[in-house]
Amino acid sequence: MTQKLHNQVNGTEWSWKNLNTLCWAIGSISGAMHEEDEKRFLVTVIKELLGLCEMKRGKDNKAIIASNIMYIVGQYPRFLRQHWKFLKTVVNKLFEFMHETHDGVQDMACDTFIKIAQKCKRHFVTVQVAEVMPFIEEILNGINAIICDLQPHQVHTFYEAVVHDTSTSRHGVQERLIEKCMSLPNQVWDRIINNATHNVETLKDPECVKQLGNILKTNVRACQAIGHPFVTQLGRIYLDMLNVYQVLSENISSAVQQNGEQVLKQPLVASMRTVKKETLKLISAWVGKSTDPKQVCENFVPPLLNAVLGDYNRNHPNARDSEVLSTMTVFINKLENHVTSEVPVIFDAVFECTLEMIKLTSKTSPSTEPTFTSS
């Protein structure tokens, strides 16, 4: 590998493809050497690649080399954990790459950041030597500037990484960090809900519905990262989220009645269904990792059943979301005897209409049949 790297530097084997392949191989052997040998090897690799980056001309060449450097160091968490200043420098460099427009660089930066966040999370929430605050506080203070050029799916990854870092904090501190982390999507959420409160027709605006879907996807990823402690954020948006679910469901049903089931393929209706699906995914993700069955049953189950079951039962067969069945399955499996009294209600709402739908034809709802039978 050292010789192959040297051939990149001297130009005999230089190409983006060869460099990417070599750097992937270097990253893949992380942990295979003794710590001191690994340290010497990694330092050599970084020095060679930094020299190559300095030598090559052209923004694209430099972006490819630098992104490969970031990929490699992200694969060596043991080294990063032993060298705090280097770790912080690498993460800040990743934040710079999140503004880079060269194809694939932003994805690399986000993917590497979440790997580092997962493997070095304690270092982000601890005040390091010569620092005045935990690094996560610095990140949250500048979060708007960091993510402003990212695509939605990259933003979701970023939020998952940052929220994951809070998992080693004390309970009260973690709550505050989650609240601070979710501040930006919550501001957009609050504005949409406030507008809808004054004029529910705003929930038919394509951009508004798209924003709702992205906000919920961010919440899903963040919830999956930490599980039960996400309860403070979920509780903040829960009832409004279910109200939006019901309004959008009514909008979908009305559209189907007026224009037929082909309307389900239209972008706006598809976006509305995405909001509904992400709502159910978020609830399932949290319930699946919850640690307080009583809290779930008392505060979260009743409003959910009220919003979801009747809607599922009344909906046009092709407008029903199989995620409803998945969510009910998660509730029953997780809560067991705590939710026994609700099982007949759930069964009455979903069983007959779903069975009838499957009996008529599996072709009209292929996504629902396997979900129902597995439930």
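The values are calculated or read from the model by the stated rules, or taken from the named source; none is laboratory data. All of these numbers come straight from a predicted model, not from anything done at the bench. Positions of Cβ are backbone-derived with ideal geometry, glycine not excepted, and every protein chain shown enters the neighbour counts. Calculation scope for accessible area: heavy atoms of the full protein, side chains included, ligands and nucleic acids excluded. Shrake-Rupley method; radii C 1.70, N 1.55, O 1.52, S 1.80 Å.
Couplings for the range 6-18, taken from phi via the Karplus curve 6.51 cos²θ - 1.76 cosθ + 1.60 with θ = phi - 60°, read 4, 5, 5, 5, 7, x, 5, 10, 5, 6, 4, 4, 5 Hz in order; Gly and Pro are left as x. Couplings for the range 242-252, taken from phi via the Karplus curve 6.51 cos²θ - 1.76 cosθ + 1.60 with θ = phi - 60°, read 5, 5, 4, 3, 5, 5, 5, 5, 5, 4, 5 Hz in order; Gly and Pro are left as x.
Using helices alone, I'd like the mean residue ellipticity at 222 nm for the chain: each DSSP H run of four-plus residues gives -39500 (n - 2.57), total over residue count, nearest 500. Present the calculation step by step, with values, prior to reporting the outcome.
Details: 20 runs with 278 residues, N = 375.
One gets -24000 deg cm²/dmol as the mean residue ellipticity at 222 nm.
Taking the C-alpha atoms only, the angle from helix 84-97 to the longest principal axis of the chain is near 60 degrees.
With a threshold of 25 Å on the Cα-Cα distance, the over-threshold entries among Lys88/Lys180; Lys85/Lys119; Lys59/Lys121; Lys17/Lys59; Lys59/Lys119 are Lys59/Lys121; Lys59/Lys119.
Might you tell me the accessible area per residue for the chain, computed with a 1.4 Å probe and given in Å²?
Working: 18050 Å² over 375 residues.
Per-residue value: 48 Å².
First measure r as the distance between the Cβ atoms of Ala25 and His83, then evaluate 1/(1 + (r/R0)^6) with R0 = 35 Å and state the FRET efficiency to the nearest 0.05. Could you put the intermediate results ahead of the total?
Numbers: r = 23 Å, r/R0 = 0.65.
E between Ala25 and His83, to the nearest 0.05, is 0.95.
Cβ-Cβ distance of Ser254 and Asn141, R₀ of 35 Å, FRET efficiency by 1/(1 + (r/R0)^6): the value works out to about 0.20.
The range 221-289 and the range 42-97 have their alpha-carbon centroids 40 Å apart. The alpha-carbon of Lys39 sits under 19 angstrom from the alpha-carbons of these aspartates and glutamates, leaving out residues fewer than 8 places away in its chain: Glu48. Modelled spin-label separation between His198 and Leu50, with each label point placed 7 Å from Cα along the Cα-to-Cβ direction: 5.5 nm.
When N is the residue count of the range 115-231, what does its C-alpha Rg come to as a fraction of 2.2 N^0.38 Å? Show your work: numbers first, answer last.
Numbers: Rg = 15.6 Å, N = 117, 2.2 N^0.38 = 13.4 Å.
After normalising by residue count via 2.2 N^0.38 Å, the value is 1.16.
Taking 0.36 nm per residue of separation and subtracting the current Cα-Cα distance, fully stretching the chain between Lys210 and Lys119 would add 29.5 nm.
What is the extension gain from Gln128 to Glu13, computed as 0.36 nm multiplied by their sequence separation minus the C-alpha to C-alpha distance, in nm to one decimal? Display every interim value, and only then the final one.
Details: separation 115, 0.36 × 115 = 41.40 nm, distance 4.15 nm.
Here the segment from Gln128 to Glu13 would lengthen by 37.2 nm.
Electrostatic tally near Asn313: other residues with Cβ closer than 12 Å to its Cβ, Lys and Arg +1, Asp and Glu -1, net -2.
Using Cα pairs under 8 angstrom and six or more residues apart, how large is the relative contact order of the chain, in percent?
10 percent
Relative contact order, whole percent, for the range 86-206 stands at 24, derived from Cα pairs under 8 Å and 6 or more residues apart. Counting every Cα pair in the chain, what percent are over 30 Å apart? The calculated P(r) of the chain puts 50 percent of pairs beyond 30 Å.
Is the range 1-41 rounded, prolate or oblate when judged by the Cα gyration tensor, a ≥ b ≥ c being the square roots of its eigenvalues, rounded requiring a/c under 1.5 and prolate requiring a/b larger than b/c?
oblate
Counting only lysines at least 8 places from Lys265 when in the same chain, those with an alpha carbon closer than 17 Å to its own are Lys204, Lys210, Lys276, Lys277, Lys363. Between Phe351 and Ala270, what is the FRET efficiency for a Förster distance of 22 Å, r being their Cβ-Cβ separation, to the nearest 0.05? Computed FRET efficiency for Phe351 and Ala270: 0.20.
In whole percent, what relative contact order does the range 1-77 give with Cα contacts below 8 Å and a gap of six or more residues?
On the way: 54 pairs, mean separation 30.2, N = 77.
Relative contact order here is 39 percent.
For the range 213-225, backbone phi angles converted through the Karplus equation (6.51, -1.76, 1.60; θ = phi - 60°) give residue-by-residue couplings of x, 5, 4, 5, 5, 4, 5, 4, 5, 5, 5, 4, 6 Hz, Gly and Pro being listed as x. Quick check for you: which residues of the range 290-319 have the amide N under 16 Å from the point 7 Å beyond the Cα of Ser167 toward its beta carbon? Inside the label zone: 290-291.
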